Amino acid sequence: MAIIATKRLTRIYGKQAARFTALQQVNLQIQAGETVAIVGKSGSGKSTLLHLLALLDQPTTGTVFFDGQDTRQLTAQALDQLRLARFGFVFQQFFLNSQDTVYENVVLPLKIAKITGLARKKQALAALKAVGLADKAKNKATDLSGGQKQRVCIARALVNQPQIIFADEPTGNLDSVTGAMIADLLLTLNRDRGMTLIIVTHDPELAAMCDRQLQIVDGQLIGGGQDDRG
Ligand SMILES: Nc1ncnc2c1ncn2[C@@H]1O[C@H](COP(=O)(O)OP(=O)(O)OP(=O)(O)O)[C@@H](O)[C@H]1O
């Protein structure tokens, strides 16, 4: 069974004259362990789709299924729990607490999940080690390079051992060499741990490294969805 599937997923922003259909009737399936790039021109609806798949936003019509479950049937609290336990997020703008240490940033999802004591410390340090930043644990986040900051974000995303990592332009703020390192790191997590990766990207190299590309044109999925029967 697909870990994520959508049926006629549609998102309309605004009302009346400002009404805009950002995503239209998207049907797709993503299997556990896949790496999927969401590609398309600026404004085509990529981030809109990612936010819906990650259950950060709700469709106007249509459905997202997670592990076969219709997510419309979940309460807000159940959705929060699901995201916290199963999803990790990486964004272009990092969203680190810059005055906190690297360790404090990475440990945050574990605190929210109420994991305490030695288990928390071990998990956070293991995540930092996985991204090659164990030696920077005590540094302030603000003192890191762009590539290092993104590695902290990846450590934070994987610290809860999620099933899926959602990334929105994870290499967008990085030079090409650093971007390639980050792309490699994400793909390594998929290979070594089986984490499903769903990545919005303008970076053709990163997109080509993924198993599959979902092509979005004007809010419609024109290729790569696996299931377009609707
Ligand atoms: N909150 C919103 N209210 C109104 N329109 C929105 C909103 N968010 C996005 N849009 C519009 O929906 C369309 C799709 O936006 P989206 O951010 O999904 O595109 P994108 O493909 O991710 O673009 P980019 O590559 O530039 O990030 C755009 O035309 C955008 O202006």
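Between the helical axis of 146-158 and the dominant principal axis of the chain, each derived from Cα atoms, what acute angle in degrees is found, rounded to the nearest 10?
Computed tilt is about 80 degrees.
For region 148-199, divide the Cα radius of gyration by the Kirkwood radius and give the resulting Rg/Rh value with two decimals. Mind dumping the intermediate values first?
Values: Rg = 10.3 Å, Rh = 11.1 Å.
Rg/Rh: 0.93.
Straight-line reach from Lys121: which lysines have Cα under 21 Å away, leaving out those fewer than 8 places along the same chain?
Lys111, Lys129, Lys136, Lys138, Lys140, Lys149
Using the C-alpha gyration tensor of the chain, what are the square roots of 5 times its eigenvalues, in whole angstrom, with the largest one first? Spell out each step's value before the answer.
Details: eigenvalues 178, 77, 54 Å².
Each semi-axis is the square root of five times an eigenvalue, giving 30, 20, 16 Å.
How large is the convex hull of the C-alpha atoms of region 68-196 per residue, in Å³? Mind dumping the intermediate values first?
Working: hull volume 14.8 nm³, N = 129.
So the per-residue hull volume is 115 Å³.
Report the antiparallel proportion of the DSSP beta bridges in the chain as a percent, rounded to a multiple of 5.
Numbers: 18 of 36 bridges.
Around 50 percent of the beta bridges assigned by DSSP in the chain are antiparallel ones.
Return the equivalent ellipsoid semi-axes of region 39-141 as a descending list in whole Å, where each equals the square root of 5 times an eigenvalue of the C-alpha gyration tensor. Let's see the in-between values first.
Numbers: eigenvalues 184, 72, 23 Å².
Computed over region 39-141, the values are 30, 19, 11 Å.
At most 13 other Cβ atoms within 10 Å and a DSSP loop assignment: could you name the trypsin sites (Lys or Arg not before Pro) in region 61-153 that fit?
Details: sites: Arg72, Arg83, Arg86, Lys111, Lys114, Arg120, Lys121, Lys122, Lys129, Lys136, Lys138, Lys140, Lys149, Arg151; in loops: Lys114, Lys138.
Listed in order of number, the matching sites are Lys114, Lys138.
Across 5 Å bins from 0, what is the distribution of all Cα-Cα pair distances for region 179-224, in whole percents?
Taking every Cα pair in region 179-224, the percentages come to 5, 19, 29, 23, 12, 9, 2, 0.
Scale the Cα Rg of region 1-98 by the rule-of-thumb value 2.2 N^0.38 Å and send over the ratio, two decimals.
Values: Rg = 14.2 Å, N = 98, 2.2 N^0.38 = 12.6 Å.
Compactness ratio reported: 1.13.
When a/c reaches 1.5 or more, the comparison of a/b and b/c decides; with that in mind, is region 118-167 rounded, prolate or oblate per its Cα gyration tensor? Walk me through the numbers on the way to the answer.
Values: a/c = 2.35, a/b = 1.20, b/c = 1.97.
Verdict is oblate for region 118-167.
Region 54-102: Rg/Rh from Cα coordinates, Kirkwood Rh?
Working: Rg = 14.1 Å, Rh = 13.0 Å.
Dividing the radius of gyration by the Kirkwood radius yields 1.09.
Using Cα centres only, tell me the gap between region 22-37 and region 140-164 in whole Å.
Answer, in whole Å: 25.
Expressed as an acute angle from 0 to 90° and rounded to the nearest 10, what is the orientation of the C-alpha long axis of helix 117-130 relative to the principal long axis of the chain?
For 117-130 against the chain, the angle is about 80 degrees.
Could you state the angle between the C-alpha long axis of helix 176-193 and the longest principal axis of the C-alpha atoms of the chain, as a value from 0 to 90 degrees rounded to the nearest 10?
90 degrees
Read-outs throughout are calculated quantities, based only on the coordinates presented, and are distinct from any laboratory measurement. Computed from a prediction, not measured in an experiment: that's the story for all the values here. Note: ideal-geometry Cβ built from the backbone for every residue, glycine included; neighbour counts use all protein chains shown.
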